[in-house]
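First the structure, in the form of structure tokens, and then the observations on it.
The values are calculated or read from the model by the stated rules, or taken from the named source; none is laboratory data. Since this is a predicted model, take the numbers as computed values, not measurements. Quick reminder, even Gly has a Cβ in these numbers, built from the backbone with ideal geometry, and neighbours come from all protein chains shown.
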Amino acid sequence: MAIEIKVPTLGESVTEATVAEWYKKEGEAVAVDEALCSLETDKVTVEVNASSAGVLGKIMAPVGTTVPVGATLCLIEAGAVAAAAAPAPKMEPKPAASSPPAAAAPAAAAAPANLAASGPAARKLVAENNLDPAAIAVSGKDGRVTKADVVSFLAAGAAAPAPTPAARPAAPSGPRPNAQREERVRMSRLRKTIATRLKDAQNTAAMLTTFNEVDMGAVMALRERLKDPFEKKHGVRLGFMAFFVKACVAALKEIPAVNAEIDGEDLVYKNYYDIGVAVGTEAGLVVPVLRDADTLGFAGVEKGIGDLGRKARDGKLSIADLTGGTFTISNGGVYGSLMSTPILNPPQSGVLGMHKIQQRPVVVGGEIKVRPMMYLALTYDHRVIDGREAVTFLVRVKECIEDPERLLLEV
């Protein structure tokens, strides 16, 4: 019996993936739960496993094919024994499917799409895929477009309107004088998504960056004094990120606009603190999310960040790990960056940039002293956050780092 292996659900707002690699060839034996192929989405790489033992029949989606959720990837001949490759007979449905779709079209026209009254998930999918709401067959009351309507529309292979020229990747420039000394590599789906999202952030948000500097002496002394007993008790090293996460949470509670986002014509203020931590991997930049950071102690923050970092480097992050952050911290200092202007991670309204700790002469109590200093940068969406709020937020982070006892006493 031929069993269809389909594209699994990939997460909120993810409707398609690209087949990155097949681990098995047609005619090879497969075991239950054995990995068959990997799918590359806009955010992560997902492996698809065999639901039954048998022989891999026909591969329906070769490497490089873009497939929607629910599409058939391959067939498995359950219970068969690997032998000379005999492709699984294709189970063709009886010819009765040509007329019903045509009958469904007039019914769809009876209820014009009312996108304004639809839910945010449906509106987001329509906007992200540049769809014409009038072309979608709606099932909601009073013409409301549901998320399922949009997913069904995309899965049916309806052609979206062509993207605007500004969003279209530049075409190859033609013959190059030094082509023999260059290497041309096709962008991965993740890299293309990063490029698109960062450019969208520039085009959409009114981004502005404010700077400050922080004396790291107090945190460094505290860490040096307590790092060994901390690691012995909790089984994890005490780093600087825990201090900055806790400082940002304290500042977000004081300045809630930095934890907000724009949704249509509304401002959404979030009373939870899911902190994204930017991680550089060989495949590109990813931002896994530390959930409910306000409820975690220093050990919980360090363990959470460590787990997310390992999953990122091993390519094991899930869609859930990467979605829903309310604020992001990016530490360019681990690469030696002295100062930068981080870019927003939409739809968030703020991102904090940490940088390299450097010994610099500063005036302390009327005297010039050499102190371990770090530049801090807060990039924010000026549509949501006023300059006063942005500066106050960054000063609050600075105060918590320079006097870490504030974090313990919540003052």
Does the stretch 250-278 hold any residues that are under 20 Å from the mean Cα position of the chain (by Cα), of a type in the set (A, V, I, L, M, F, W, C) and either crowded, with 21+ Cβ neighbours inside 10 Å or not in a strand (DSSP E or B) (or both), and which are they? Val258, Ala260, Ile275, Val277, Ala278
Going by the structure shown, is Val219 in a loop (DSSP other than H, G, I, E, B), surrounded by 14 or more Cβ atoms within 10 Å (Cβ to Cβ) and in contact (Cβ under 8 Å) with a residue 12 or more places away in the chain? no
For the stretch 349-357, state whether one or more residues are over 29 Å from Asp263 (Cα atoms), surrounded by fewer than 21 Cβ atoms within 10 Å (Cβ to Cβ) and in the same structural domain as Met216 (by TED's automatic domain parsing). yes
Could you list, in sequence order, all residues of the stretch 287-326 that are part of a loop (DSSP other than H, G, I, E, B), in contact with a Ser or Thr (Cβ under 7 Å, 6 or more places away or on another chain) and crowded, with 22+ Cβ neighbours inside 10 Å? Val287
Quick check on the stretch 364-376. Is at least one of its residues in the same structural domain as Val289 (by TED's automatic domain parsing), in a helix (DSSP H, G or I) and at negative phi? no
Only one residue in Glu77, Glu92, Glu12 is among the charged types (D, E, K, R), out of contact with any helix residue (DSSP H, G or I) (no Cβ under 6 Å at 6 or more places or on another chain) and modelled with pLDDT of 85 or more, so which one is that? Glu77
Looking only at the stretch 28-49, and only at residues there that are in a loop (DSSP other than H, G, I, E, B) and at pLDDT below 85, the one that is surrounded by the most Cβ atoms within 10 Å (Cβ to Cβ): Val44
Please identify the pairs in which a residue from the stretch 320-342 that is closer than 11 Å to Ile275 by Cβ has its Cβ atom under 6 Å from the Cβ atom of a residue that is basic (Lys, Arg), counting only partners at least 6 apart or on another chain. Thr326/Lys270
Within the bounds of the stretch 20-27, is there any residue that is outside any strand (DSSP E or B), surrounded by 18 or more Cβ atoms within 10 Å (Cβ to Cβ), charged (D, E, K, R) and over 18 Å from the mean Cα position of the chain (by Cα)? yes
So is Lys246 assigned to a helix (DSSP H, G or I), at pLDDT 95 or above and surrounded by 10 or more Cβ atoms within 10 Å (Cβ to Cβ) or not? yes
Within the stretch 37-68, the residues that are among the hydrophobic types (A, V, I, L, M, F, W, C) and either within 19 Å of Thr323 (Cβ to Cβ) or in contact with a helix residue (DSSP H, G or I) (Cβ under 6 Å, 6 or more places away or on another chain) (or both) are Leu39, Val44, Val46
Is the stretch 225-233 home to any residue that is assigned to a strand (DSSP E or B) and more than 31 Å from the chain's Cα centre (by Cα)? no
